[in-house]
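**Student:** I'd like to ask you about the structure that follows.
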Amino acid sequence: MDKAPITDHTNSAATNVVTQNDASDNWIDALKNQIGSGRITEQPDSDKLACIHWKVAANSWEIVAKEAHALNARWAAGWADHQLDHSGEVVIDQFSLFVLFVIRGRYVLVETQLENTQDDSLPEIASHSAFYPGASRCERHTSDMFGICFNKLDKSIDSRRWTRHQAWKEDEYPLRHGFPLEGHPRHRTPADGEYPFERIDGISVYEIPVGPIHAGVIEPGHFRFSAAGEDIIQLEQHLAYVHKGIEKLAVGRDPAALARLAGRVSGDSTVAHGWAACQAMESAAEIEIPERASALRGLLCERERVANHLGDIGAICNDVGFAFAHIQFGRLRELWQRRSQQLFKHRFMMDNVIPGGVVHDISEENATLLNSEISALIEHVSQLANILEDNASLMDRLVTTGYLSEQTARRFGALGYVARASGMDDDVRLHKPYPPYQDNPLNCPLLEQGDVASRLKIRVQEVVASLQFQRKLLRNLPEGPISMAFEAPVNTHGLGILEGWRGEIVTYVRFDHEGKIARFYPRDPSWFNWPCLQQIVKNNIVPDFPVCNKSVNGSYSGVDL
Amino acid sequence: MLRIVNTIFRTGTLSEEIAPLSDDEFEALGFEVKSALDKRFDGSLAIRSVDSGSCNGCELEVNALANPFYDLARFGVHMVASPRHADALLVTGVVSRHMQSALLRAVESTPKPKIIIAAGECACNGGEFGVSYASCGAVQNVLDVDVSIPGCPPTPTDLLRGILLAVSD
Ligand code: SF4
């Protein structure tokens, strides 16, 4: 179990500029050698997907994870889709699995086709969760939605349902082709009272069930604490309360409608998810959007990062009773959102990213206005950050609270600020830069203490880095159009990978023979950060749960889909 | 000690900028709400907010009502932790089937007479998600709604306008 080191926070690592590490460049060759190149069929669409794409036989599925794990690769995403025949038609109840591994921006997508089952039994495949515990929930989701078994007989693999509560039956799989969108619902879907939580027995161990409706104005989900005295021994999350069927709803949509839906996967990441979906569709269509459009997307996404960090910094402080910061940062956030409303016609910039570009341009005059506002905000945030760090009673509550070691962060594949506060420097903007980050290098702060204080500080630093980046971007906005016509491609797929404010988002999109969406899978960073929270709160006192939770701030909607 | 004085000094300076920036329409609405509450609710309104299947965009705006620009509490409206303490339920999002029972239980726990407010496009008409195997769609599909506040998400001012509608005769 992780133990928090007592460190002097006033001297914590300053902004580290992370540089490309050449050693990681060869990891994919090494992986290929380890798996055995005879087992791998290289796919011709690596350029289009902007990552290596292999097919392997289903019986090599386990060795792929084993060897990738041995090379310290991160398990970035995993999802299923229907198999297609030669004419691109869906083969009923035949599935393919995809998994994405990465080391420092070098991604490899591995695909396999599940073998036919002779009888009516469910298709089976090896689980990756023994090597990558963070993969567990993704596999359980796939299992609920497609009816695919991961290591059915292995009792050490968690094969409990994840996304399914009581809205559909155990032998129904909503993402299978034959399952109707409207399903077979009952008049009143019963509460999910029978979920098999893990139990801890012992003298004076008690359980605290919390949710689905929480005390504050936040999303619903269930937390089951096992505690002894004040200390949390174990937290188990039970989510999927706001499962809205997003993956199923995407099927049959046109590109513009998918962008709208993607913008509502997680409202606080509307730009990032909208952009990731558009990036995936544009990669499928093999088009490059105008430079100015990319620059503006970058601006929108960075504005979203700043807005969310400002809100969270205040909220983290508020959770330990420091209302001052809550008010001050709340004020900065509100001003920021009002500017978004004025320039981009929406306080969260929803529906600004569309296939082929963006909706609103920015005038030179407004770019100048934003620039001066940004300079003032850097000043304000730095002043406030000094006040926070000077406040001994605040720091006393946050330093060493909610510790996540780098080792645990890596084991669960932590992303974004959660990873970067624990010494894991993953950032797509840095390691696999996409426009506009290609031309405008970014400062990427990194801290190592891994506690709530670090997750607070890293956000302050990310706000400043993001603001500096925006300033650079605004000074060199490329001329030209802000969008181009987007024609839906047919019978093809694409991948979007970018750094939202919570961390890396991976989105997979497949088009059918009419250019309609046949598969949409958005992987929010929260898939991996939620399990990290379960580790973070161990050995902390129950009253510190809110501040630990806020410092991670996972999205419920983003994983419930 | 000096630091604290310094902090208080700086704090003061920062907050002063707020007044001229606050929203006239919001202020006006707020005072209307306040006078309606004084007349009909003995001065205050307790709201329990329930997300029954939102994308979390609506929650961000409900939370914004507490920031220093809006500071909803000054008009006598406050958010409470339990439906048993609530005069009104503010429901955001579609009603996901997985939340249907929890929402209905929250409604059953709210003392009568209760006001049900559906906030946001999803809660009003299903929004992008509609009715499906996973979603009951609009709140009206599962219980009677008194006031609907459209918008995706509704702005804090929209929300206050809706609250005014809910408390006026
Ligand atoms: S109305 Fe819009 S912001 Fe609110 S929950 Fe629905 S999609 Fe999200």
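The values are calculated or read from the model by the stated rules, or taken from the named source; none is laboratory data. This structure is a prediction, so every number in the text was calculated from the model and none was measured. Positions of Cβ are generated from backbone atoms using ideal geometry, with glycine treated the same way; all protein chains shown enter the neighbour counts. Only protein heavy atoms, including side chains, enter the accessible area calculation; ligands, DNA and RNA are left aside. Shrake-Rupley method; radii C 1.70, N 1.55, O 1.52, S 1.80 Å.
**Student:** When the residues of the stretch B:30-52 are narrowed to those that are touching a Ser or Thr at 6+ places or on another chain (Cβ under 7 Å) and either of a type in the set (A, V, I, L, M, F, W, C) or farther than 30 Å from B:Ser96 by Cβ (or both), which ends up modelled with the highest pLDDT?
**Tutor:** Of everything passing the filter in the stretch B:30-52, B:Leu37 is modelled with the highest pLDDT.
**Student:** Next up: Could you look through the stretch A:244-272, keep only residues that are away from the ligand (no atom under 12 Å from the Cβ) and under 23 Å from A:Gly416 (Cβ atoms), and pick out the one that is surrounded by the most Cβ atoms within 10 Å (Cβ to Cβ)?
**Tutor:** A:Ala272
**Student:** Same structure again: Report whether or not A:Arg410 is touching a helix residue (DSSP H, G or I) at 6+ places or on another chain (Cβ under 6 Å) and of a type in the set (Lys, Arg). Give the derivation first.
**Tutor:** Numbers: touching a helix residue (DSSP H, G or I) at 6+ places or on another chain (Cβ under 6 Å): no; of a type in the set (Lys, Arg): yes.
When the stated conditions are applied, A:Arg410 does not pass them.
**Student:** Let me ask something else about it. Is at least one residue of the stretch B:108-115 away from the ligand (no atom under 11 Å from the Cβ), open to solvent by less than 10 Å² (accessible area, probe 1.4 Å) and outside any loop (DSSP other than H, G, I, E, B)?
**Tutor:** Scanning the stretch B:108-115 turns up no residue that is away from the ligand (no atom under 11 Å from the Cβ), open to solvent by less than 10 Å² (accessible area, probe 1.4 Å) and outside any loop (DSSP other than H, G, I, E, B).
**Student:** Same structure again: In the stretch B:88-107, how many residues are more than 18 Å from the chain's Cα centre (by Cα), in a strand (DSSP E or B) and away from the ligand (no atom under 12 Å from the Cβ)?
**Tutor:** 0
Conditions (1) among the basic types (Lys, Arg); (2) in a loop (DSSP other than H, G, I, E, B); (3) more than 7 Å from every other protein chain (Cβ to nearest Cβ), marked per residue:
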| position | (1), (2), (3) |
| --- | --- |
| A:Glu172 | no, yes, yes |
| A:Arg176 | yes, yes, yes |
| A:Leu181 | no, yes, no |
| A:Arg186 | yes, yes, yes |
| A:Gly193 | no, yes, yes |
| A:Pro196 | no, yes, yes |
| A:Asp201 | no, yes, yes |
| A:Pro209 | no, no, yes |
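**Student:** Just checking, does the stretch B:94-107 include any residue being free of Cβ contacts under 8 Å to residues at least 60 places away in the same chain and under 22 Å from B:Phe41 (Cβ atoms)? Quick ask: steps written out before the conclusion?
**Tutor:** First, the residues of the stretch B:94-107 that are free of Cβ contacts under 8 Å to residues at least 60 places away in the same chain: B:94-107.
Restricting the remaining residues to those that are under 22 Å from B:Phe41 (Cβ atoms) gives B:106-107.
Yes, that holds for at least one residue.
**Student:** So, in the stretch B:122-148, how many residues would count as being within 11 Å of the ligand (Cβ to nearest atom), surrounded by fewer than 24 Cβ atoms within 10 Å (Cβ to Cβ) and not in a loop (DSSP other than H, G, I, E, B)?
**Tutor:** Total satisfying the criteria: 2.
**Student:** Related question: Is it the case, given these coordinates, that A:Arg347 is part of a helix (DSSP H, G or I), open to solvent by 10 Å² or more (accessible area, probe 1.4 Å) and within 30 Å of A:Cys532 (Cβ to Cβ)?
**Tutor:** Considered against the rule, which asks whether it is part of a helix (DSSP H, G or I), open to solvent by 10 Å² or more (accessible area, probe 1.4 Å) and within 30 Å of A:Cys532 (Cβ to Cβ), A:Arg347 comes out as no.
**Student:** Return a yes/no flag: does the stretch B:67-87 have any residue that is touching a residue at least 60 places away in the same chain (Cβ under 8 Å), within 17 Å of B:Ile149 (Cβ to Cβ), within 15 Å of the ligand (Cβ to nearest atom) and facing another protein chain (nearest Cβ under 9 Å).
**Tutor:** No - not one qualifying residue is present in the stretch B:67-87.
**Student:** Looking at (1) closer than 24 Å to A:Gly267 by Cβ; (2) open to solvent by less than 10 Å² (accessible area, probe 1.4 Å), can you tell me which one A:Gly515 breaks?
**Tutor:** All conditions are met except number (1).
**Student:** For the stretch A:103-123, which residues satisfy the criterion of being in contact (Cβ under 8 Å) with a residue 24 or more places away in the chain, assigned to a loop (DSSP other than H, G, I, E, B) and surrounded by fewer than 19 Cβ atoms within 10 Å (Cβ to Cβ)?
**Tutor:** Selection gives A:Glu115, A:Leu122.
**Student:** Within the stretch B:149-161, restricting attention to residues that are within 12 Å of chain A (Cβ to nearest Cβ) and open to solvent by 10 Å² or more (accessible area, probe 1.4 Å), which residue is farthest from the ligand (Cβ to nearest atom)?
**Tutor:** B:Thr157
**Student:** Let me ask something additional. Please enumerate the residues belonging to the stretch A:538-561 that are at negative phi, part of a loop (DSSP other than H, G, I, E, B) and surrounded by fewer than 22 Cβ atoms within 10 Å (Cβ to Cβ). Break it down into steps so the answer makes sense when it comes.
**Tutor:** Restricting attention to the stretch A:538-561, the residues satisfying the condition of being at negative phi are A:538, A:540-552, A:554-560.
Subsequent filtering for residues that are part of a loop (DSSP other than H, G, I, E, B) retains A:538, A:540, A:554-555.
Across the stretch A:538-561, the qualifying residues are A:Lys538, A:Asn540.
**Student:** Now for a separate question. Report, by residue number, each residue of the stretch A:416-463 that is among the small types (Gly, Ala, Ser) and assigned to a helix (DSSP H, G or I).
**Tutor:** Quick first cut of the stretch A:416-463, residues among the small types (Gly, Ala, Ser) only: A:416, A:419, A:421-423, A:450, A:453-454.
Matches in the stretch A:416-463: A:Gly416, A:Ala419, A:Ala453, A:Ser454.
**Student:** When you scan the stretch A:294-332, how many residues do you find that are more than 13 Å from A:Leu473 (Cβ to Cβ), open to solvent by less than 20 Å² (accessible area, probe 1.4 Å) and touching a Pro at 6+ places or on another chain (Cβ under 9 Å)?
**Tutor:** Residues in the stretch A:294-332 being more than 13 Å from A:Leu473 (Cβ to Cβ), open to solvent by less than 20 Å² (accessible area, probe 1.4 Å) and touching a Pro at 6+ places or on another chain (Cβ under 9 Å): 3 in total.
**Student:** Give me the pairs: first residue in the stretch A:345-365 and within 14 Å of chain B (Cβ to nearest Cβ), second residue away from the ligand (no atom under 16 Å from the Cβ) and modelled with pLDDT of 95 or more, beta-carbon distance under 6 Å, and six or more apart or on different chains, which are they?
**Tutor:** A:Met349/A:Leu300; A:Asn352/A:Leu300; A:Asn352/A:Val358; A:Asn352/A:Val359
**Student:** Can you name the residue in the stretch A:32-58 that is part of a helix (DSSP H, G or I) and touching a residue at least 40 places away in the same chain (Cβ under 8 Å) and is also nearest to A:Val428 (Cα to Cα) among such residues?
**Tutor:** Filtering first and then ranking leaves A:Leu49.
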